[in-house]
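The values are calculated or read from the model by the stated rules, or taken from the named source; none is laboratory data. Keep in mind that this is a model prediction, so the values were computed, not measured. Ideal geometry is used to build each Cβ from the backbone, glycine not excepted, and the neighbour counts take in all protein chains shown. Just so you know, the surface numbers come from the protein's heavy atoms only, side chains and all, with ligands and any DNA or RNA stripped out. Shrake-Rupley method; radii C 1.70, N 1.55, O 1.52, S 1.80 Å.
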Amino acid sequence: MPFETPAATPASICTAAKVRRLARRVTQLYDDALKPFGLTIGQFGLLSSLSRRNGVGVGVLAERLGSEASTVSRLLRPLEAAGLIAIGPDPHDGRAKAIRLTDAGYDTRRRAAAGWSAAQAEMETSLGNGRLAALRFTLDDAYSHL
């Protein structure tokens with residue numbers, strides 16, 4: 001009896017489902033590595049973005065992170081409660097708010113970089129440099145075409 005390829009089903013070819021499944025796995029890997037520092041990968045990304053350009057609004061952060069402003073706002077709350085960021089008036093626009101890293105935020109981001117590096121190393125070990133480079137290229141290329 002010849003081998004037959006199973007018929008494609010919506011679940012087996014759904015690009016969104018496959019990308020979301022991978023995103024959840026990768027997010028969990030980074031979140032686990034950053035947990036000792038009290039951060040998620042989303043929060044680490046936000047602190048990293050602020051460390052490069054401090055004193056920006058939610059909209060600017062959302063654009064930099066490729067996220068929605070509501071998602072960024074949810075990420076900010078625990079960081080502010082922990083004293084890692086300060087939200088105050090924007091000196092250039094009194095109607096807007098500016099988000100700044102505190103000294104504790106800079107320190108936490110610096111220390112948490114070790115967790116991020118460990119997650120990066122695990123990705124390289126698990127996928128291999130060639131597969132990881134191909135994945136990054138494919139993700140960037142697909143994003144630029146959508």
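Once amide H atoms are built 1.01 Å from N in the peptide plane, which residues 5 or more positions from D90, or in another chain, come under 5 Å H to H?
Placed amide hydrogens put A96, K97, A98 under 5 Å from D90.
Shape call for the range 12-81 from the C-alpha gyration tensor, a ≥ b ≥ c root eigenvalues: rounded (a/c under 1.5), prolate (a/b greater than b/c) or oblate?
oblate
Within the range 14-42, whose backbone N sits under 16 Å from a point 7 Å along Cα→Cβ of Q120?
It comes to 30-31, 33-34, 41-42, nothing else.
Decide, for the range 71-146, between rounded, prolate and oblate: order the square roots of the alpha carbon gyration tensor eigenvalues as a ≥ b ≥ c, take rounded if a/c falls under 1.5, and otherwise choose prolate if a/b is larger than b/c, else oblate.
Here the range 71-146 falls in the oblate category.
Convert each backbone phi in the range 82-96 into a coupling constant with the Karplus relation 6.51 cos²θ - 1.76 cosθ + 1.60 (shift: θ = phi - 60°), then list the ³J(HN,Hα) values in order as whole Hz, x for Gly and Pro.
7, x, 8, 9, 10, 10, x, x, 6, x, 9, 8, x, 7, 9
Please compute the alpha carbon radius of gyration of the chain, then divide it by the globular-protein estimate 2.2 N^0.38 Å. Two decimals is fine.
1.31
Can you give the accessible area per residue of the chain, in Å², using a 1.4 Å probe?
Here the residues of the chain average 68 Å² of exposed surface.
Between A142 and S12, what length in nm is gained on full extension when 0.36 nm per residue of separation is reduced by their alpha carbon distance?
Taking 0.36 nm per residue and subtracting the Cα distance, the gain is 44.9 nm.
Rounded to the nearest 10 Å², what accessible area does T15 have for a 1.4 Å probe in the complete protein model?
100 Å²
How far is the Cα center of the range 112-127 from the Cα center of the range 63-86, in Å?
Their Cα centres are 23 Å away from one another.
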